[in-house]
Amino acid sequence: MKLIVGLGNPGAKYAGTRHNIGFAVINKLTDRYGIHADREKFKGLIGEGRICGEKVILLKPLTFMNLSGESVRAVCDFYKLTNEDLIVIYDDISLPEGGIRIRQKGSAGGHNGIKNIIAHMGTDVFDRIKVGVGQKPEGWDLVNHVLGRFSDVDVPIMEEALDRAADAVAEIIKFGAEKAMNKCNFIPKKEV
């Protein structure tokens, strides 16, 4: 069984923001695989189903980003899951818009949701799918950037990224993160 977690903040105010890209990927997975992640439990919205023959739990923590680990830990404890069963999807400002990077371990890199999951799981070794949301423009506040919405130009790029991230989940489930990295990591080319 895999626990697939998309990070974000609850509420309409945050829908469509860069920081909620993890929620958007979970929504893409629910559409693609017919899994309804709408039951409120374990401080989050969850749904159970199958992806590529594997039983999965989809989770959108409702704790707000900085406390995401509380929800993740509660699900792991209840289902007796370990860090090896975990896939976390979240925004990454160090990747350009639409980029995808799979990693099996690492620091939080300044991402408070990941920092809290590491604290609650007691390890930084778990599969993660980072979705690029672009660096903050010079002179901008980081919070305003990650809580901002995508430009009209970036919306189609991000729609493709959601599909790529959902594909990456399937690849990790079927073949493991290392093989998925080779197939799914993607950095968009800059237009000149």
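The values are calculated or read from the model by the stated rules, or taken from the named source; none is laboratory data. All values derive from a computational prediction rather than experimental measurement. All Cβ positions, even for glycine, are placed from backbone atoms using ideal geometry, and neighbour counts span all protein chains on display. Side chains are part of the model used for accessible areas, which takes the heavy atoms of the whole protein and leaves out ligands, DNA and RNA. Shrake-Rupley method; radii C 1.70, N 1.55, O 1.52, S 1.80 Å.
About its Cα centre, the dipole of the stretch 77-116 is roughly 140 debye, where the only charges are +1 on Lys and Arg Cβ and -1 on Asp and Glu Cβ.
Beta bridges assigned by DSSP with both partners in the chain are antiparallel in approximately 55 percent of cases.
Per residue, the convex hull spanned by the alpha carbons of the stretch 15-75 comes to 81 Å³. Per-peptide packing, taken as the mean over residues of other Cβ atoms within 10 Å, places 54-61, 78-85 in the sequence 54-61, 78-85 from highest down.
Label zone (residue 189, point 7 Å along Cα-to-C-beta; backbone nitrogen cut-off 18 Å) within the stretch 78-109: 96-100.
Cross-link check: pairs 41/115; 80/189; 41/105; 60/136; 43/183 evaluated at a Cα-Cα cut-off of 32 Å; pairs beyond the cut-off: 80/189; 43/183.
State in Å² the accessible area per residue of the chain; use a 1.4 Å probe, count heavy atoms of protein chains only, and round to the nearest integer.
Working: 9350 Å² over 192 residues.
Averaged over the residues of the chain, the accessible area is 49 Å².
Shape summary of the stretch 79-192, radius of gyration then Dmax from alpha carbon positions: 14.7, 50 Å.
Positive contributions from Lys and Arg (+1) and negative ones from Asp and Glu (-1), summed over other residues with Cβ under 15 Å from the Cβ of residue 70, come out at +3. For residue 55, a cut-off of 14 angstrom between C-alpha atoms picks up these aspartates and glutamates, skipping any fewer than 8 places away in its own chain: 85.
Rounded to the nearest 20, the size of the Cβ-charge dipole of the stretch 35-192 about its Cα centre is 440 debye, with Lys and Arg at +1 and Asp and Glu at -1.
In the chain, what is the volume of the convex hull around the alpha carbon atoms, normalised per residue and reported in Å³? Cα convex hull per residue, to the nearest whole number: 110 Å³. Using a Gaussian network model of the chain whose springs link C-alpha atoms within less than 10 Å, name the residue from 151, 94, 107 with the highest mean-square fluctuation. Taking springs between Cα atoms under 10 Å, the residue moving most is 151. Computed from the Cβ-Cβ distance with R0 of 22 Å, the FRET efficiency linking residue 178 to residue 142 stands at 0.10.
Per-residue ellipticity at 222 nm computed for the chain from its helices equals -11000 deg cm²/dmol, with DSSP H segments shorter than 4 residues left out and the rest contributing -39,500 (n - 2.57). Counted by Cβ distance under 13 Å from residue 28, the other residues give a net charge of -2, where Lys and Arg count +1 and Asp and Glu count -1. Farthest toward the positive end of the dipole of the chain, out of 177, 188, 133, is the Cα of 177, where the dipole comes from beta carbon charges about the Cα centre. Computed on protein heavy atoms with a 1.4 Å probe, the accessible areas place 123, 17 in the order 123, 17, largest first.
Taking a 1.4 Å probe, which of 92, 141 shows the most accessible area, and what order do the others take after it? Write down the numbers at each step before the final one.
Values: 92 20, 141 80 Å².
Sorted by accessible area, descending: 141, 92.
The angle separating the long axis of helix 68-79 from the principal Cα axis of greatest extent in the chain is about 30 degrees. Rounded to whole numbers, the Karplus 3J(HN,Hα) couplings from phi for the stretch 6-11 are x, 8, x, 10, x, x Hz, using 6.51 cos²θ - 1.76 cosθ + 1.60 with θ = phi - 60°, and x at Gly and Pro.
Taken over the alpha carbons of the stretch 128-192 as equal point scatterers, the Debye sum produces base-10 log I(q)/I(0) values at 0.11, 0.14, 0.22, 0.25 Å⁻¹ of -0.34, -0.53, -0.98, -1.09.
Using a/c under 1.5 as the rounded threshold, could you call the stretch 1-109 rounded, prolate or oblate? The axes a ≥ b ≥ c are square roots of the C-alpha gyration tensor eigenvalues, and prolate needs a/b larger than b/c, oblate otherwise. Verdict is rounded for the stretch 1-109. Largest to smallest in accessible area, the residues 73, 149 fall in the order 149, 73 (1.4 Å probe, all protein chains included). Overall, the accessible surface of the stretch 93-178 at a probe of 1.4 angstrom is composed of carbon and sulfur to the extent of 50 percent.
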